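Structure record follows, encoded as structure tokens.
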Amino acid sequence: MTLTGLLPDNNLKTFDIRNFIEKLTPTKEKNRYICPVCGGNNMTIDPQTGEYQCWNNCECRDIREAVSPWEEVRGSRGAFEQGSRGAGGQRSRGVTFPQAHPLPKKEPVPVPADATLVRLDATATDCPQPQPPSFIPKRVKRQVAAAKANLASVLETVYKYSPHQQVSRFDWPDSSKAKGSDKTFVQCHMAADGSWQWTKGDDDWSAYRLDEAIAAAKNTPGTAAILWQEGEKCVEIARTHQIASCTFQGSNWSEAQIKRILTQVKTELTMAVMVFLYDPDITGMKKAETFQKCCIDLGLPYVLINPKILCDNLPHDASDIEQILAQMEVPDFIRKLEEQIHAAVDGQAEFDQRIEEANDFLADTPDDFQPLSEITQKAFEMLYGDKPWICALDKLYCWDDTYYEYSPDVVELRRIANFCNNYPVFQGNQIRFPYANPAAVEKILRWVKIRVGVRPEALNPPGINCVNGVLQVIWEDKVPNWHLIEHTPDLYYTYKPIALYDPTADPTHCDRLLECLDPGQREIFLRIIAASLDLPTVRKHKGRMIKSLLCRGDGNNGKDTLREVVSLMYGKRGITGCTLADFAAYDEGRKFSLAKLVHSRVNWATENTNSDRLDKIQSLKAFITGEPLDSERKGVDSEEFTPQAITLFNVNDTPNLQGTLEAIKSRYAVLSFNKTFVLNADKSKGEIEADPRFKYDPIFVQTMVVPAFLNRVLQALVDLMQDGIDYNPTEAALAAIQTENCHLFQFCQDVGLDYNPNSILTANEIWTVLEQWYRDNGTLDYEETSNGKFKAIWVDQAKPSDKNIKAPNQVIPRFLQLFPKAKKLAIPHPSGKKTVLAIQGISFNSGSPPDEPPLLSISSSSTAISTPSTPIPPQSPPQKTTLNQDFHPTHPNFLLTNEEKSINNHQGESDNDNAQSTQSAPTIVETLISQELQPPLPLPQQLTDHAKKNHDVEANPASLGWLGCDADKSSILGVEIGVVTGVVDTLIGVQTSLVENETTSASLALPQSTTQPTPTINKGTRVKIRPRTLGTVRDGLEGVVIRVKTENYGGSIHTKYIVWLDDTSLDPSLRQIECCLSWLEVLG
């Protein structure tokens, strides 16, 4: 090369990095080298112009100083000036100088084939031991105080480097650390006055145990291989197993200090192999790189050994000789060390062969060959080629040793923009930057996301990413097992591990927190949380056993702390908080709020309103049972996903549950947080002693609660797969919530209304009992108006949505909502003129079944109306009459109870054979009086008389057809409707509307033929219900009159007797009965 320009001030040549190419390390890409400043592979050199640049933002002057130090240039200045001047010291003009020769690049020295690991003559017995310190420096005290440890627990280990230099290692317990302890090192030197000073001092420090290792190396046959490690403790462990070892003092890991000490080794031994067992973390790898460079510069052969190669099952945070020897025997360890040394010898020969082959390939390559490469490829290699990256759902994640950390697009766009802004392209004689624009930057980012894309379903696989590894659940059929494996980028966990897996963790604090739930509900909670570890597998074996939990309670009851513990267990990334309102909004078409549930494992909403009916939220039902939903983000088309999360909802008010019992029980369970955490707790009030650390000390929760909670959850998973989940402890709370939402549930409980597939109840039968229930609890009352009529007075239920049933026509639809398995049907009315609505499949089951079925109850074997044996000719409609309107079926009287209204259906009929058709029918009072004075005929005799009477009527054609409603009694036994037809008499299993009224004999005189006096009944009188009066189990029971009430209705005096029955087997609501006089028999 011809030099045409000189610096005017010192006659030195202009710096040209092409003259120092041999001092640089090339990379795989042509014209790209390892930067001598930062060590990155991002320095490019233009072979045409000599322009150079490090794209890691290193200064060019620093690069120039690294390859051509200024001191070396100044040292050659004198010779340069002498050579550049002619005779007489005059500078020559037009002189051609010889081309500068590059400095030869230093290559690693090959490892000799006879390299032998240096061993001690005997096992070391002078290893320092930890002792209570005689003095603790102030900075150590501050660290101990920060860990809340006792100074009495501090131990000191003294490592002597020389008679006047030493390092003290201080250890103390620290529960916040993964290992349960912490440490620090303090240098100490002896001052001139003989006192020890807690500083490094000004004198140089040698390596620890270096003199001992050199002495042993001199006695080693072949080439000595000295083992170097990180830390004095590791050196001492090697010495106890007869292995010579050294280490640099903590602050002596700089290049200058390492070279100083290795120079001493080279001086003493001439030739020795430096074996470095480094820690495979970032700090350890930097030390290994520095150690390697120093060995190359000094001409010493070296071997770098990764502990993971010696022992592949080391924990992720264990990498030194202590953990290695815990996994293998000492002879195996020494054998593997020597294998690595010999492998370096073989590897050197293989490396030399590859270099030779590469040189042969380059010799055959034309000088003008330049492979094409797109800017996207270059950027990907430069910016994303150093560590694993993934992209899911258009988000980039970068591997960070234990998990994939999310990197926002704004961060990556800036990195790419800096790259493009400094990426030159030579076009002719100009340097341009054509990629410094937004389009190129966004193009590169899109390319990167495509290159590293993964399926969203692969994120956060089953198991837990813990601090000390990945806890995987392994299934053997239905039996779960688990084991801890090392962190690996092949498992795409996107949350930072917080939980520590410790099978021996102390459960004291965890159990104290779980006391907020009763034992039965506590087990339900743990098993539901355990299902989230691998919900798809649990569903495969257990179906829909996993329900949604409604956590009901006020404040200070542990709900939020339990949620925080679960959140920490999943690294605060796998838990979401979609509320009931969010699910309700999804049903209305606003699906954005549920998009976060795609990767959720636990959805625990802390604040929920009770405005939405849970049994009506269809999306929530689908989420609980694992049915597909849509994930829709703004501006992006919706995507279908299958929910893989459990659900919990904190509720303070009563949840709005109004659906059927089966629909609710199949999806929801209620956990009652009835206990309260307070200071100075009183256990008799359901209080638990509070510990503020549960709420305000996250480190305490993370270290003292979460590990034990994880153990509880793992055991609950085993119990879940073996025994399932017993939800019985939650049914009482669920029933209470349903009762608060719908009063009809309370009615069903009080009267025993439940499923019975062999029973039929008409609307009137249910309404009669419901009406009385309304009157008993104050919901309904009747008030007489000024015109003598009675008006119903209703009191609304506490919840506006809980409507009262105010008429029989509302009974069927409302009760079918409560009993969806029952069915609606129409059955014939006793009159044969119409049908009545009924429900098949339910019955009143509060007491034992009666000995014989009541005459008017509906059973599964009801008899249909027979076909008329004689045609019925057309008849004129019956004439209206104003007599005995209380007896007309279309004029109900609400003054009588259900049991009072049935009196006419069970008493014997009076004899009216001599009555003329023009005369009025007997009044209700006369009928009742005759029933009281004449006992009813036996049932067979009644049937015989009626059959004979109906046969006579049918035989007389003139009497066929409908008569007036007041003309005669019913042709059906027990039904007083005043109708005679030509229909064959057959008992029909349909009850009448029971709307007849009754007037007592107190307002009318008895007939002259009556000689039996009316019995006197007062409060306290012992009475008995006459047989076959009610048609229920209460017929024939004895009791006492607890109240007598007399009321005036339209000028008639009505006396009622409230009787309390003696039979304790009856439901309390049935023991009290309101009777009229004709029902009762006075006991002596």
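The values are calculated or read from the model by the stated rules, or taken from the named source; none is laboratory data. In this text the structure is predicted, and so the values were computed from the model without any measurement. Because the Cβ atoms are built from the backbone with ideal geometry, glycine has one as well, and the counts that use them run over all protein chains shown.
Quick notes on this one:
For every residue, the table says whether it meets (1) touching a residue at least 60 places away in the same chain (Cβ under 8 Å); (2) touching a Phe, Trp or Tyr at 6+ places or on another chain (Cβ under 8 Å).
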| residue | (1), (2) |
| --- | --- |
| 738 | yes, yes |
| 753 | yes, yes |
| 766 | yes, yes |
| 770 | no, yes |
| 781 | no, no |
| 791 | no, yes |
| 800 | no, no |
| 806 | no, yes |
| 809 | no, no |
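- Looking across the range 1056-1084 at every residue that is touching a Leu at 6+ places or on another chain (Cβ under 8 Å) and in a strand (DSSP E or B), the one that is surrounded by the fewest Cβ atoms within 10 Å (Cβ to Cβ) is identified as 1072.
- First in the range 178-192 and touching a residue at least 60 places away in the same chain (Cβ under 8 Å), second anywhere and of a type in the set (Val, Ile, Thr) and surrounded by fewer than 16 Cβ atoms within 10 Å (Cβ to Cβ), Cβ under 9 Å, 6 or more apart: 187/199
- Here the range 457-485 is the region considered, the condition is being touching a His at 6+ places or on another chain (Cβ under 8 Å) and surrounded by fewer than 16 Cβ atoms within 10 Å (Cβ to Cβ), and the residue that is nearest to residue 178 (Cα to Cα) is 474.
- Of all residues making up the range 256-265, the number that are surrounded by fewer than 16 Cβ atoms within 10 Å (Cβ to Cβ) and more than 15 Å from residue 287 (Cα to Cα): 2
- With respect to (1) assigned by TED's automatic domain parsing to the domain that holds residue 476; (2) crowded, with 20+ Cβ neighbours inside 10 Å, the lone exception for residue 731 is condition (2).
- Any hit, the range 124-144, residues being over 27 Å from residue 262 (Cα atoms) and among the acidic types (Asp, Glu): no
- Some residue of the range 542-556 being of a type outside the set (A, V, I, L, M), over 25 Å from residue 731 (Cα atoms) and either crowded, with 20+ Cβ neighbours inside 10 Å or assigned by TED's automatic domain parsing to the domain that holds residue 645 (or both): no
- All positions within the range 153-207 that are of a type in the set (A, V, I, L, M, F, W, C), over 30 Å from residue 701 (Cβ atoms) and in a strand (DSSP E or B): 158, 167, 185, 186, 188, 190, 196
- Residue match in the range 42-54 (condition: modelled with pLDDT under 80, surrounded by 10 or more Cβ atoms within 10 Å (Cβ to Cβ) and aromatic (Phe, Trp, Tyr)): no
- Residues (without any contact (Cβ under 8 Å) to a residue 60 or more places away in the chain, under 22 Å from residue 476 (Cβ atoms) and outside any helix (DSSP H, G or I)) located in the range 496-547: 543
- Looking at the range 550-647, the helices (runs of 4 or more DSSP H) lying wholly inside it that each contain 2 or more residues that are more than 20 Å from the chain's Cα centre (by Cα) sit at 580-587.
- Any chance residue 493 is part of a loop (DSSP other than H, G, I, E, B) and either under 19 Å from residue 569 (Cβ atoms) or within 24 Å of the chain's Cα centre (by Cα) (or both): yes
- Condition check for residue 240: of a type in the set (Ser, Thr, Tyr), at pLDDT 90 or above and assigned by TED's automatic domain parsing to the domain that holds residue 306: yes
- Of the strands (runs of 3 or more DSSP E) lying entirely inside the range 381-427, those carrying at least 2 residues that are over 19 Å from residue 439 (Cα atoms) and touching a Lys or Arg at 6+ places or on another chain (Cβ under 8 Å) are 389-392, 395-399, 404-407.
- Within the range 430-459, being part of a helix (DSSP H, G or I), closer than 30 Å to residue 48 by Cα and of a type in the set (Val, Ile, Thr) holds for 441, 444.
- Every pair of residues 6+ apart whose Cβ atoms lie under 8 Å, when the first sits in the range 428-443 and is farther than 27 Å from residue 47 by Cα and surrounded by 15 or more Cβ atoms within 10 Å (Cβ to Cβ) while the second is of a type in the set (S, T, N, Q) and at pLDDT 85 or above: 443/376
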